[in-house]
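The values are calculated or read from the model by the stated rules, or taken from the named source; none is laboratory data. All values derive from a computational prediction rather than experimental measurement. Cβ atoms come from the backbone with ideal geometry, glycine included; neighbour counts cover every protein chain shown. For accessibility, only protein heavy atoms count, side chains too; no ligands or nucleic acids. Shrake-Rupley method; radii C 1.70, N 1.55, O 1.52, S 1.80 Å.
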Amino acid sequence: MKHFLKETDFRLSELDGLFALAHEFKAHRGRHAAPLAGQTWAMIFSKSSTRTRVSFEVGIHELGGNPLFLNRNDIQLGRGETIADTARVLSRFVHGLIVRTFDHAEVQQLADMGTIPVINALTDLLHPCQIYADAFTLAERWGRSGDLVGALRGRKIAFVGDRGCNVANSWILGANLLGMKISLAGPAGFDAAPEFNQLLAAEGYANGYQFTTDPYEAVRDADVVYTDVWVSMGKEEETAERIRVMSPFTVNAGLMAAAKPDALFMHCLPAHAGQEVTQEVLDSPRSIIFDQAENRLHMQKAIMAKLAQPAGA
Ligand code: CP
């Protein structure tokens, strides 16, 4: 049983096939195979979502399946039913599970206790669907048919802002898997959780990134400048302090000018213009934020198609 809980759940050697399938789904949208025909995939969400929820619901439908959205508070999980029992019961009804929650251990336990594929649709620790869609977006620009993934090797991504957030963590894992260089810039004191450092060490990537408090140093020679909101879901009580200490890390035209001349700007969205990025950069020709958003659909369809078990299995 294959799950997708973190970037390294696919091997590098599997990514060419995965990216090619996402490309195929994108090129032939509405006319491709329906590998989820006859299947229902449940989506348990404990946090808000626009892109992830809509792209999974539409994607399951386009693959011939039936999406079943379950707000955590509408099911017994929200009233204290165990994760183990939830996993066992849902495994008797549905063919796959997509989970957005706070504690990464919850998606791991759902995967361990159930008998159906589980996909991590964001935890406080990681956001692997986002990073795969982002990497596909870059590969589309830099690669060529038959060698999409190889085009990423040796490229540099600079992540600026909240260096301990789930998207930054996931990009560290993703960049190492893909053979990219990654440099992070942000204020001191916002380190990744110890759980992430343990995961990074277990994957052999403990030294697989650079960190600086100087955003200009981080973006030097970067092919991509990436940022995310300064106040992730669950951190709202820290809003004023985070805005105060992260304000020197706004991605503006001056910072973009310090990267490579053809550097791209990326953001997983939603964006807070005027905080982590200026409206000028969001709207600039170097911004590929809406390509990223669209590719959530095509990449997640490819991931589900790879994980799906044949009907009747
Ligand atoms: N980027 C992202 O995960 O967006 P949503 O929170 O809207 O799903």
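Values computed for the structure shown
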quantity	calculated
Some residue of segment 117-124 being more than 16 Å from the ligand (Cβ to nearest atom), more than 13 Å from the chain's Cα centre (by Cα), modelled with pLDDT of 95 or more and open to solvent by 10 Å² or more (accessible area, probe 1.4 Å)	no
Answer residue from segment 105-129, given it is in contact with a helix residue (DSSP H, G or I) (Cβ under 7 Å, 6 or more places away or on another chain) and in a helix (DSSP H, G or I) and is nearest to Gly164 (Cα to Cα) among those	Pro128
Pro187 at pLDDT 95 or above and open to solvent by less than 20 Å² (accessible area, probe 1.4 Å)	yes
Residues of segment 48-91 satisfying the condition of being assigned to a loop (DSSP other than H, G, I, E, B) and either closer than 23 Å to Met113 by Cα or polar (S, T, N, Q) (or both)	Ser48, Ser49, Thr50, Ile75, Gly80, Glu81, Thr82
Strands (runs of 3 or more DSSP E) fully within segment 147-233 counting 2 or more residues that are closer than 24 Å to Pro285 by Cα	156-160, 181-185, 224-227
The listed residue being touching a strand residue (DSSP E or B) at 6+ places or on another chain (Cβ under 9 Å) and open to solvent by 50 Å² or more (accessible area, probe 1.4 Å), out of Asp74, Asp103, Asp16	Asp16
Segment 254-277, subset open to solvent by less than 20 Å² (accessible area, probe 1.4 Å) and assigned to a loop (DSSP other than H, G, I, E, B), residue nearest to Val231 (Cα to Cα)	Glu276
Search result, residues across segment 46-69 that are away from the ligand (no atom under 16 Å from the Cβ) and in contact (Cβ under 8 Å) with a residue 12 or more places away in the chain	Glu62, Leu63, Gly64, Gly65, Asn66, Leu68
